[in-house]
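Step one of this worksheet: look at the structure below.
The values are calculated or read from the model by the stated rules, or taken from the named source; none is laboratory data. This one's a predicted model, so the numbers in the text were calculated from it and none came from an experiment. Here the Cβ positions follow ideal geometry from the backbone for every residue, glycine too, while neighbour counts run over all protein chains shown.
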Amino acid sequence: MKVLFIGGTGNISTSVSRLCIERGIDLHLLTRGKRKVDIPGAKMIPGDITNHPVLGSQHWDTVVNWIAFKEDDIDRDYELFKGKIGQYIFISSASVYQRPSLFPVVTESTPLKNPFWQYSRDKIACEDKLMKYYREKDFPITIVRPSLTYDTVIPVPIGGWTEFTIIDRIRNGKKIIVHGDGSSLWTITHAEDFAKGFVGLLGHQQAEGHAFHITSDEILTWNQIYDAVADAAGAEPKMVHIPSDFISTFNPDLLGSLLGDKATSVIFDNSKIKRFVPGFNATIPFCQGIKKTLKWFEADPSRQIIKPETDELIDRIINHYEKAFEKMKK
């Protein structure tokens with residue numbers, strides 16, 4: 001099977017690329033080379049999708065676009081690949097699902113609606129455009145919606161992701177912010193587990209026109225998530241629980257990732273991906289996976305990015321909240 005990844009060396013896609021090679025797939029990666037990732041066996045195509053029209057002159061069994069975010073990206077890919085591919089997979093996001101959640105169990109038929117996050121609304125628009133091309137032009141699409149998936153990122157909303165700030169604060173005994181009261185439920189998925197389900201969809205004839213999310217079945221509270229992060233860091237967490245809307249007033253960029261994603265409980269029903277990819281099962285619990293992630297960060301000091309502005313923001317939010325809370329008690 002001849003497969004083209006537009007991207008393929010990111011936090012999620014690297015694990016997918018490596019599993020493709022392991023399973024004997026003829027994998028080509030169009031990459032801008034921003035991440036120095038070694039994927040032996042993959043055929044690297046340096047460059048950007050916007051200046052590689054020659055890609056559309058070839059036939060691909062499957063094309064996966066890991067970095068499409070706007071409708072224009074979809075229109076470009078349709079024009080480039082129409083009639084020349086067996087399958088086009090769009091990487092959407094589980095944040096497209098209805099927010100606020102009216103029912104905690106999420107299936108692929110859960111309504112798509114997110115008034116809090118432009119990123120999610122753009123992904124919804126991309127999905128709508130793709131479904132139009134599928135229905136009206138017979139473009140062979142499959143949609144995949146990852147939720148919070150990690151490998152080379154720390155999956156917490158404040159002080160994590162590509163930063164090491166949250167780990168530095170925990171190890172130095174500083175307070176950290178946990179949104180809400182920490183009891184809402186969430187699912188975090190290791191990229192190696194995601195890859196097992198995803199690779200099973202490549203070239204899958206019955207997946208045409210379908211959407212899938214691929215997540216772990218492990219359900220944790222945010223308190224448990226932060227406990228696991230702190231345990232991996234080797235220290236006790238000093239958690240301060242603060243309402244998500246209060247946090248967002250200090251940094252509007254957090255509005256989407258909190259109220260538009262992580263603030264309410266969500267339980268993913270993975271029945272559909274398991275029907276289409278028999279044997280799929282996520283096996284890496286977060287308490288183990290996060291330790292692997294920290295080892296990756298600690299293997300290279302340049303990855304341990306500690307941002308003073310994030311430190312200042314966390315301190316400022318906590319100080320304002322604690323002062324307001326004290327006033328309320330009087």
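Of the residues making up the range 11-33, those that are basic (K, R) and either in contact with a His (Cβ under 8 Å, 6 or more places away or on another chain) or assigned to a loop (DSSP other than H, G, I, E, B) (or both) are R23, R32. Looking only at the range 168-186, residues that are closer than 10 Å to P237 by Cβ and touching a Gly at 6+ places or on another chain (Cβ under 8 Å) come to 2 in all.
Of the residues making up the range 90-120, those that are polar (S, T, N, Q) and more than 14 Å from I214 (Cβ to Cβ) are S95, Q98, S101, S109, T110, N114, Q118, S120. Would you check if there is a residue in the range 157-166 being within 17 Å of I67 (Cα to Cα) and either of a type outside the set (D, E, K, R) or not assigned by TED's automatic domain parsing to the domain that holds S248 (or both)? Checking the range 157-166: not a single residue is within 17 Å of I67 (Cα to Cα) and either of a type outside the set (D, E, K, R) or not assigned by TED's automatic domain parsing to the domain that holds S248 (or both). Taking the criterion of being aliphatic (A, V, I, L, M) and in contact (Cβ under 8 Å) with a residue 12 or more places away in the chain, the residues of the range 93-130 that qualify are A94, V96, V105, V106, L112, I124, A125, L130.
The set of residues from the range 167-210 being of a type in the set (D, E) and free of Cβ contacts under 8 Å to residues at least 12 places away in the same chain is empty.
G8 passes every criterion in (1) surrounded by fewer than 21 Cβ atoms within 10 Å (Cβ to Cβ); (2) in a loop (DSSP other than H, G, I, E, B) apart from (1). Listed by first and then second residue, the pairs with beta-carbon distance under 7 Å, at least 6 apart or on different chains, first residue in the range 41-68 and under 24 Å from R23 (Cβ atoms), second assigned to a strand (DSSP E or B) and not hydrophobic (A, V, I, L, M, F, W, C), are K43/H28; M44/T31; I45/H28; W60/K2; D61/K2; V63/Y88. Return the residues of the range 226-243 that are under 19 Å from R169 (Cβ atoms) and either assigned to a loop (DSSP other than H, G, I, E, B) or touching a strand residue (DSSP E or B) at 6+ places or on another chain (Cβ under 8 Å) (or both); say none if nothing qualifies. Selection gives Y226, A228, V229, G234, A235, E236, P237, K238, M239, V240, H241, I242. Do we have any residue at all in the range 246-261 that's under 20 Å from the mean Cα position of the chain (by Cα), within 28 Å of L202 (Cα to Cα) and either outside the structural domain of R99 (by TED's automatic domain parsing) or in a helix (DSSP H, G or I) (or both)? Yes. Scan the range 133-148 residue by residue and report those that are of a type outside the set (G, A, S) and either under 25 Å from the mean Cα position of the chain (by Cα) or surrounded by 15 or more Cβ atoms within 10 Å (Cβ to Cβ) (or both). Within the range 133-148, Y133, Y134, F139, P140, I141, T142, I143, V144, R145, P146, L148 meet the criteria.
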